[in-house]
Amino acid sequence: MMFCMAAFYKIGGTEEFAKAKYLYKRHSKGRSAKIFALFCLNQNEIDQAVEIVNLDYCWQNNILPKEPVQCNLQLLCLIKSGKMEFTMKILEKWSDMANARNKNLKISSEIFNMLKASIESGPLKDREISLYESLKKEDFITNLTIEKLVFEPVDWNEKTTKKRHNNYNNKYDKH
């Protein structure tokens with residue numbers, strides 16, 4: 001499911017989007033849903049992407065996204081909606097929450113560059129300068145790390161060896 005969704009996203013286009021939407025309706029959770037949300041953003045289906053990443057619920061309940069992909073999709077939804085000032089407020093809030101919990105707030109370098117361009121194009125406020133400086137210190141998600149986030153590697157040998165070992169023990173423990 002996830003690989004099909006990723007392939008549709010990579011190919012792009014209206015026909016692939018329709019197929020991806022059909023897949024999403026059948027399986028609306030996990031990584032394939034996040035890939036579809038990104039696809040929605042690329043197709044300017046922002047409202048659907050906002051719904052998929054549960055953005056409104058997170059805002060209303062002050063929830064810091066648990067994983068970098070969710071965080072970046074939510075920020076991208078805000079940016080694509082043209083809500084740069086609100087994006088900065090949310091990012092500042094998330095940054096404060098992450099610091100209070102001794103966690104890193106990982107944003108993509110692309111989103112950082114979009115924010116940087118927005119800050120540089122308008123009059124800078126002390127708060128924005130401070131946030132920008134603190135974000136420069138954060139870990140970034142790049143094209144090199146995105147595959148790890150979307151496609152978590154699984155050690156096939158470890159999984160099958162454990163299963164075989166457990167089946168062997170269960171078989172002979174009964175006798």
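The values are calculated or read from the model by the stated rules, or taken from the named source; none is laboratory data. No experiment lies behind these values; they were computed from the predicted model shown. For neighbour counting, all protein chains shown are included, and Cβ atoms are generated from backbone atoms with ideal geometry for every residue, glycine included. Protein only, heavy atoms only, side chains kept; ligands, DNA and RNA dropped before computing areas. Shrake-Rupley method; radii C 1.70, N 1.55, O 1.52, S 1.80 Å.
Observations on the model:
- Distant-in-sequence amide H partners of Ser108 (H built 1.01 Å from N, under 5 Å): Ile141
- Links that overshoot a 26 Å alpha carbon limit, given the list Lys66/Lys116; Lys25/Lys83; Lys80/Lys106; Lys34/Lys106; Lys19/Lys103; Lys21/Lys80: Lys25/Lys83; Lys19/Lys103
- Fraction of accessible area attributable to carbon and sulfur, the stretch 9-114 (%, probe 1.4 Å): 46
- Calculated FRET efficiency for the pair Ser121/Ser81, C-beta based, R₀ 30 Å, to 0.05: 0.95
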